[in-house]
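This report refers to the structure that appears directly beneath it.
The values are calculated or read from the model by the stated rules, or taken from the named source; none is laboratory data. These numbers come from a predicted model, not from an experiment. Don't worry about glycine lacking a Cβ; one is built from the backbone with ideal geometry, like all the others, and counts go over all protein chains shown.
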Amino acid sequence: MPMKNLGLSIIAVLILALLAIGIAMSHGMAYLLTVIIPYVAFAVFLAGFVYRIIKWGSSPVPFRIPTTCGQGKTLPWIKTNPVENPAGFWGVVARMAQEIFLFRSLFRNTHVEIIDGRPVYGSAKWLWFFGLMFHWSLLIIVLRHLRFFIEPISPLIGALSAVDGFFEIGIPALYLSDIALLTGLSFLFLRRVIVPQIRYISLFTDYFSLLLIIGIVSTGLLMRHFFPADLNAVKTLAMDWVTFSPVAPQGISAVFYIHLCFVFTLMAWFPASKLMHAGGIFLSPTRNLASNNRMQRHVNPWNAPVKVHTYEEYENEFRDKMKAAGLPVEKE
Amino acid sequence: MSFDKIPKPDQLIQIQYAPPKTGWMETPVEFRPGTWSYSGTAKSLTALDLPNPRSWQPSDDDWKLPENWQAIILSGMKERLGKYRSFRLFMDVCVRCGACADKCHFYIGSGDPKNMPVLRAELLRSVYRRYFTKSGKLFGRLAGARDLTMDVLKEWFYYFYQCTECRRCSAFCPFGIDQAEITMMGRELLNLVGCNINWVTEPAANCFRTGNHLGIQPGGIKDILDFFADDIEERTGVRVDVPLNKKGADILFVTPSGDYFADPGTYTCMGYMMLFHEIGLNYTFSTYASEGGNFGLFSSHEMIKRLNAKIYAEAKRLGVKWILGGECGHMWRVLNQYMDTMNGPADFLQEPVSPITGTRFENAKSTKMVHIVEFTADLIRNGKLKLDPSRNNTQRVTFHDSCNPARAMGLFEEPRYIINHVCNHFYEMAEDTIREKTLCCGAGAGLGNDENMEMRMRGGMPRAMAVKKVVEKHGVNRLACICAIDRATLSSLMDYWVPGVTVMGVHELLANALVMTGEKERKTDLRGEPLAGY
C-alpha cells in the first residue's frame, strides 16, 4: 500500500502537468486557467482556510492541558523555565514564537537505535534543519513573488530579492532560497520514500503535497534559468488579476501554464489537506496555553453535573464499621 | 510476580524495527498472550453505570457488542469533536513527519509500527476521515480513510490499551499533538460500547464506593495506618499520631492508596507520617477521600470528575484550610490540569500557607492543593528539618521523573532538591531519559496488570536500560520516584531487567535521614535494613 500511494501521487501530478500542456494548446482553456480559475482557486483557498479555522475554533477548550517541557513556576527560589513551561501570557507568546519560527519541538528530535542490547538516543537534527530550511525559503519565495502583484515594487521586496540573489551565480542570478527550497523538499521527499518506517505511515496526500510543491519549484526554476518566461506578460497578467480586469495572455510558454496549474491546485487543495497545519499550529492546546492551572481556574463551558458518591451515602453504608473502628461519624 | 510466561530479557531485547510487508490497514491485530489486559467485569461496569456490562474477553471472536455499536461510536465521536478542540485539531493537523515515532517507549520496546504515536493516532484518524471529512467520504483509502469495522475496533482496543498516556511524543511533536488526548478519546469511545479493561474499571468502581482503588473499607485504613505507626515506633522509638477523618485539622492529606497498601509504597507513607509528626502539622487523612489517584483518567473525562469530586467535598466537610497531596503521577495530572475546572472553584478553602515556614504557595492559590515535594522542599530550604544524609549512605540513588509531574506540571527541581539534602550518593540518568524527556515505567494508565507482563517489560525497557547504565557506572542500587504506580511497577521492571535495584519514594529517603525529636539511636532504615556502620 505505501508504494501504491507514492505511485498514485506521481500519476496525479503527471496528469496535472499534461492537463496544463493541453490547456496551453487551447485558447478557450487558457482563458479558463488564466481568467476564471485564479479567482476560483483563491476564493476556495481563502474561504476554506477561514472555514477550517472557524471549525476548529468552534470546539471549545474544556481543559487547560499544556505539555510542560521545563520547570514550572512553583516556589520563588526555584529557577523556572518561563518559555518551555510558561505561567503567563508573554511566556506563551515566546513559546509559540519558538515553535512557529524555529520549530522548537522538532529541534528536540532524537533517533533511537539498539546498540549492544540497549537503546541509544542519538542526535537527529536533520529533519529540523531541512524542515526549517524548506519553510523559511518557501516564505521568502512567496514574498519575492509579490513583485508581480505590486506596482511600483516595494523596496522591501527588491531588497529581499537582492539579498537572495547576492552571490550572483549565473544570469539571471540564482536565488539561494530556490536552492534551499529544493534541497529541503528533496530531503523531505527522499526521507519519506527511503526510511521504511516513514514510508509505512505515508499516505497519498503526504507524497502528493511534496510532489506538487516540487513541481511548482521546478517549473519556476525552468522559467527563470532555461526557458525564460516573458516577464512583462506575466507581470501584466498578475496586475490584471489584482485589478480585476484579467485578459488571457498571448505567447506564454507551456511551462508557465504547468506552473500556474500546480499553484492553483495547491491553493484549492490546501484547506482540505494536512497543509492546514499552517493554521492549526496556532490553536494547539498543548502549546498555546499557560501552565498556571493551580493559580488561575480554567472554565469549561460545558461542565455539567455528574453522578457522584456523596459522603452521606458512604457513611450510610459504612457507619457501623466506622463506629467500630472509633472513627467519627456525622450521624449516630 | 512471575516472568515464566514471557520471553527472557536477552530474547525480548531482539527488537525488529522493520515494518511488516503488509500495509497497516491490511494487518489485523493479533491478541498475543502477555500483550493485552483482561476485560472489565460486568460487576464493575454495573457499579459505575457503564454501558454493556457482560462477560467477554478481547481474545474472543464475538465481543458481544450492541447491534448498533457503530452508530454509538460515531455519534460519540461527533459529540467529542464538538466538545474538545484538542480532539478535532489533532485529527486534522498531523503531517506524518514521524518525529514522534521512536519517542514512544512501547515502540522502542516492541518495534510494532502501530505503537508509533503517529500510527496509533491514524487508527482513529482513518475512521474520522471516513465519516467526518468530505475528502474521506469521497476518496476513501486514497484520502487515508477506512470503514469502522470489527477489526478496526479490535485494533483500537489493543493499541489504546498499549499507550500509557505519558505524553512523551507530545513534547517532540512540532504541533504538540498529544497521543494521551487521542488515547483518552479512543478509550472513551470504546467505553461507550463496553470495551474496557478490568485493571481500570475495578479500581474505579472500588474508588467510587469505598473511596480508594483497592476497596479498603474505613476500619481497614485505620488498621493499616496504626500498623505503620507501630512500625515507625519500632524503628525510631517515636510514636506518631494517626489522624483520620478529623474535623478541625488545618490540612487534608490525600495520597494514592498504593502508598498504604503495598511495599515499597508503604515506606513512603510512613515517611509522610514521620515528617508530619516531626513538624507538628495539624493534618488528617480521610477514609472517604482515601485515594489521590484517579483511574477515571484512564476511562473518561466524566469518570475523572465523578471520582475526583470527593476530594473537595471532603475538604469542605472537614473544614480544613487547604489540601496537601502525596507522591503520585497521574493523580497530579488530574489535580493540576482537571480538578479545579471540573469540581472547583474551591472558594471554601484558603490560599495555602505553610503553617511551619509561613510560605505562601502562590502557585496553588486557586486549587488550594500543594504537592508534598513543594511543601517539603520549602521546609528544608527554611531549615525546619534536621537531616542526617549519612543515614542513607548505603543507598546509591538515581531519580526517575514520573511522566505526569514532568510533562503535565514541570516538577523537576523540588524532588532533586530534597534528594540532594537527604542522601550523599545521587546520580542522574542520561539526559535523554529524564526531565521532560523522561521515559515511562511502561505500566501506567491501567496497564500494570500481570496478564500484560510482556508488554510492560517491553514498554519499560527504555527506562530500565537507562537505570542499568547508572548501575554499571555508579553502582546505583536505588531508584527513587514520586509516583505510586512507579513504585508498584518499576519494582517488577527492575527485577526483570536490572535485578538488584529496588524502588523507593522520595519521602522514604527523607524519613531515613530525618532526625526526630526524642528518637532512639537509629540502627536500621524504615525497611529494617541496617544503616551504614551497623
So which residues in the range B:210-231 are of a type in the set (V, I, T) and touching a residue at least 60 places away in the same chain (Cβ under 8 Å)?
B:T210, B:I216, B:I221
Checking the structure you have, find out if any residue of the range B:509-519 is more than 28 Å from A:V120 (Cβ to Cβ) and among the polar types (S, T, N, Q).
yes
Residues located in the range A:79-108, provided they are β-branched (V, I, T) and buried (at least 16 other Cβ atoms within 10 Å of the Cβ)
A:T80, A:V83, A:V92
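Looking at B:E454, B:E428 in this structure, which one is surrounded by fewer than 23 Cβ atoms within 10 Å (Cβ to Cβ) and either outside any helix (DSSP H, G or I) or at positive phi (or both)?
Values: B:E454 fails: either outside any helix (DSSP H, G or I) or at positive phi (or both).
Only one candidate qualifies: B:E428.
Restricting to the range B:230-277, count the residues that are in a loop (DSSP other than H, G, I, E, B) and within 14 Å of another protein chain (Cβ to nearest Cβ).
The initial filter retains those residues of the range B:230-277 that are in a loop (DSSP other than H, G, I, E, B), namely B:237-243, B:245-250, B:255-257, B:262-264.
Now drop any that are not within 14 Å of another protein chain (Cβ to nearest Cβ), which leaves B:241-243, B:245-249.
Count: 8.
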So B:L526, is it modelled with pLDDT of 95 or more, outside the structural domain of B:S299 (by TED's automatic domain parsing), of a type in the set (A, V, I, L, M, F, W, C) and under 30 Å from B:K384 (Cα atoms)
yes
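Going residue by residue through the range B:445-463, is there one that turns out to be more than 27 Å from B:W199 (Cβ to Cβ) and small (G, A, S)?
no
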Residues within the range B:401-425 that are facing chain A (nearest Cβ under 7 Å) and assigned to a helix (DSSP H, G or I), tallied:
3
Would you pick out the residues in the range A:68-78 that are more than 23 Å from the chain's Cα centre (by Cα) and facing chain B (nearest Cβ under 7 Å)?
A:G70, A:Q71, A:G72, A:K73, A:T74, A:L75, A:W77, A:I78
Hey, among the residues in the range B:426-435 that are closer than 15 Å to B:A464 by Cα and at the interface with another protein chain (Cβ under 9 Å from one of its Cβ atoms), which one's nearest to the chain's Cα centre (by Cα)?
B:T433
For residues in the range A:109-118 being more than 8 Å from every other protein chain (Cβ to nearest Cβ) and assigned to a loop (DSSP other than H, G, I, E, B), which is surrounded by the most Cβ atoms within 10 Å (Cβ to Cβ)?
A:I115
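Is it fair to say A:D206 is in contact (Cβ under 8 Å) with a residue 12 or more places away in the chain, among the charged types (D, E, K, R) and either within 14 Å of chain B (Cβ to nearest Cβ) or surrounded by 12 or more Cβ atoms within 10 Å (Cβ to Cβ) (or both)?
For A:D206, the condition - in contact (Cβ under 8 Å) with a residue 12 or more places away in the chain, among the charged types (D, E, K, R) and either within 14 Å of chain B (Cβ to nearest Cβ) or surrounded by 12 or more Cβ atoms within 10 Å (Cβ to Cβ) (or both) - is met.
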Please work out if B:L252 is of a type in the set (A, V, I, L, M) and assigned by TED's automatic domain parsing to the domain that holds B:S55.
no
Condition check: of a type outside the set (D, E, K, R), within 25 Å of B:D525 (Cβ to Cβ), in contact (Cβ under 8 Å) with a residue 40 or more places away in the chain and part of a strand (DSSP E or B). Does B:V503 satisfy that?
yes
Of all helices (runs of 4 or more DSSP H) fully inside the range B:34-111, the set with 2 or more residues that are more than 14 Å from chain A (Cβ to nearest Cβ) and surrounded by fewer than 18 Cβ atoms within 10 Å (Cβ to Cβ) is B:42-47, B:69-83
Failed criterion for B:E165 (all others in (1) within 13 Å of chain A (Cβ to nearest Cβ); (2) assigned to a helix (DSSP H, G or I); (3) of a type outside the set (S, T, Y); (4) within 26 Å of B:Q57 (Cα to Cα) hold)
(2)
Taking into account only those residues within the range A:311-328 that are more than 7 Å from every other protein chain (Cβ to nearest Cβ) and loosely packed, with under 14 Cβ neighbours inside 10 Å, which is farthest from A:Q71 (Cα to Cα)?
A:D320
Considering each of A:L127, A:L146, A:L156 in turn, give the residue that is aliphatic (A, V, I, L, M), at pLDDT below 95, within 21 Å of the chain's Cα centre (by Cα) and at negative phi.
A:L146
Pick out the one residue from B:L153, B:L190, B:L123, B:L225 that is assigned by TED's automatic domain parsing to the domain that holds B:N294, surrounded by fewer than 24 Cβ atoms within 10 Å (Cβ to Cβ) and modelled with pLDDT of 95 or more.
B:L225
List the pairs whose first member sits in the range B:340-353 and is under 21 Å from A:H309 (Cβ atoms), whose second member is among the hydrophobic types (A, V, I, L, M, F, W, C) and in a loop (DSSP other than H, G, I, E, B), and whose Cβ atoms are under 6 Å apart, counting only residues at least 6 apart or on separate chains?
B:T341/A:F63
Any chance A:R104 is within 22 Å of the chain's Cα centre (by Cα) and charged (D, E, K, R):
yes
How many of the residues in the range A:250-277 are closer than 17 Å to A:H145 by Cβ and of a type in the set (A, V, I, L, M)?
7
Would you mention how many residues in the range B:112-125 are under 19 Å from B:F172 (Cα atoms), part of a helix (DSSP H, G or I) and of a type outside the set (K, R)?
7
For the range A:46-65, name all the residues that are in contact with a Lys or Arg (Cβ under 7 Å, 6 or more places away or on another chain) and either surrounded by fewer than 18 Cβ atoms within 10 Å (Cβ to Cβ) or under 30 Å from B:N363 (Cα atoms) (or both).
A:S59, A:P60, A:V61, A:P62
